[in-house]
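Working notes, beginning with the structure itself.
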Amino acid sequence: MGYRYSFTPVLLITLNKGGLGHVNVLASLIFSGMKGSAVADASGLGIMEIETMRRDGYDDGFSCAITASSAVIGPTFPPSIPMLIYSLLSGASVGALFLGGVIPGVLLAFILMLYVAYIANKRNYPKGPKYSLKEFIKISINAFPALLTPVILLTCIYTGVVTPTETAAIAAFYSLVVSLVVYRSMGIKELLNVIKDTIKTTGNLGLIVGSAFAFSFIAANEHIPETVAGFALRLTTNFNLRNVFRYLYHSIGLLTYGSSYS
């Protein structure tokens, strides 16, 4: 299904210089509507995109940079895994969080595509192949079942027909049926590998969320947040020390994010 996700946008924007760079960004935006993870985007579509761009004459530095940058759309655009975990821990509305991530995700993709256009013209990157109207219609029809996945997912969430958890199950089941029955791109062996990877990912997330709940329970009972807040307020009367804490928190966040959602 990833092939259909990434190949269909080629037909729309590949005629411009740096067309594959635009496809990289647009495919990440579409793929985000299914995965919600930067790591999944970079390790899934990213490998295929970098190889394709390298074959078409793009330098490795640009290919890797635009792939890594567009993958960041994953945790920004719904259904975002960080948003789901935040909602689970804080009680915030999943629908409201997802709705708040739509515009930033689209805006980020638009800015990245402007950057791709600038670099492509500056370095004279190649244009993509031309497709006839007949080929465009044929490929679009072929990709239509795959492109319905994020539509089903977001429609179920925003209409409130089912819960976010049930929506994820529906989208996963639909993707499985499309891969097995419609495209026949997955056999029993591949299905077992997918199940194995899913169990590993779910186990990792379960450990993170379970540890967070246990820590929250202990912290609330022992009044640790109030104690730490009072101690920090006494220390941060000095402006420079307050900045040190701010940069420290940012540094810790940069180091822990990738490992938390991989």
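The values are calculated or read from the model by the stated rules, or taken from the named source; none is laboratory data. Given the structure is predicted, the values throughout are model-derived calculations rather than measurements. Cβ sites come from the backbone with ideal geometry, for glycine too, and all protein chains shown count toward neighbours.
The test for being farther than 21 Å from Val106 by Cβ, of a type outside the set (S, T, N, Q) and surrounded by 14 or more Cβ atoms within 10 Å (Cβ to Cβ) holds for Met53. Only a single criterion out of (1) modelled with pLDDT of 70 or more; (2) more than 17 Å from the chain's Cα centre (by Cα); (3) crowded, with 20+ Cβ neighbours inside 10 Å; (4) under 30 Å from Phe173 (Cα atoms) is not satisfied by Tyr58, namely (4).
Residues are listed down the side, and each one gets a yes or a no for (1) of a type in the set (Lys, Arg); (2) in contact with a Lys or Arg (Cβ under 9 Å, 6 or more places away or on another chain); (3) at pLDDT 75 or above:
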position	(1), (2), (3)
Tyr118	no, no, yes
Lys130	yes, no, no
Lys134	yes, no, yes
Ile137	no, no, yes
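From the list Ile30, Ile47, exactly one residue is within 24 Å of Leu176 (Cβ to Cβ), modelled with pLDDT under 85 and in contact with a Phe, Trp or Tyr (Cβ under 9 Å, 6 or more places away or on another chain). Which is it?
From the options Ile30, Ile47, the qualifying one is Ile30.
Residues being surrounded by 14 or more Cβ atoms within 10 Å (Cβ to Cβ) and modelled with pLDDT of 85 or more are entirely absent from segment 149-166.
For the list (1) buried (at least 16 other Cβ atoms within 10 Å of the Cβ); (2) part of a helix (DSSP H, G or I), I need the number of the one condition that Met186 fails. (2) is the only condition that Met186 fails. With respect to (1) under 25 Å from Thr165 (Cα atoms); (2) without any contact (Cβ under 8 Å) to a residue 40 or more places away in the chain; (3) more than 9 Å from the chain's Cα centre (by Cα), the lone exception for Met53 is condition (1). Screening segment 88-107 for residues that are without any contact (Cβ under 8 Å) to a residue 24 or more places away in the chain and of a type in the set (Gly, Ala, Ser) and picking the one that is nearest to Ser32 (Cα to Cα) gives Gly100. Here Pro145 meets the list (1) of a type outside the set (Val, Ile, Thr); (2) modelled with pLDDT under 80; (3) within 30 Å of Phe98 (Cβ to Cβ) almost entirely, failing just condition (2). Restricting Arg234, Arg246 to residues that are within 28 Å of Ser69 (Cβ to Cβ) and either more than 22 Å from the chain's Cα centre (by Cα) or modelled with pLDDT of 75 or more (or both) narrows the list to Arg246. Would you say Ser87 is surrounded by 14 or more Cβ atoms within 10 Å (Cβ to Cβ), within 30 Å of Val178 (Cβ to Cβ) and of a type outside the set (A, V, I, L, M)? Yes, satisfied.
What residue, of Lys130, Lys122, is under 20 Å from Leu20 (Cβ atoms), touching a residue at least 40 places away in the same chain (Cβ under 8 Å), exposed (fewer than 12 other Cβ atoms within 10 Å of the Cβ) and charged (D, E, K, R)?
Lys130
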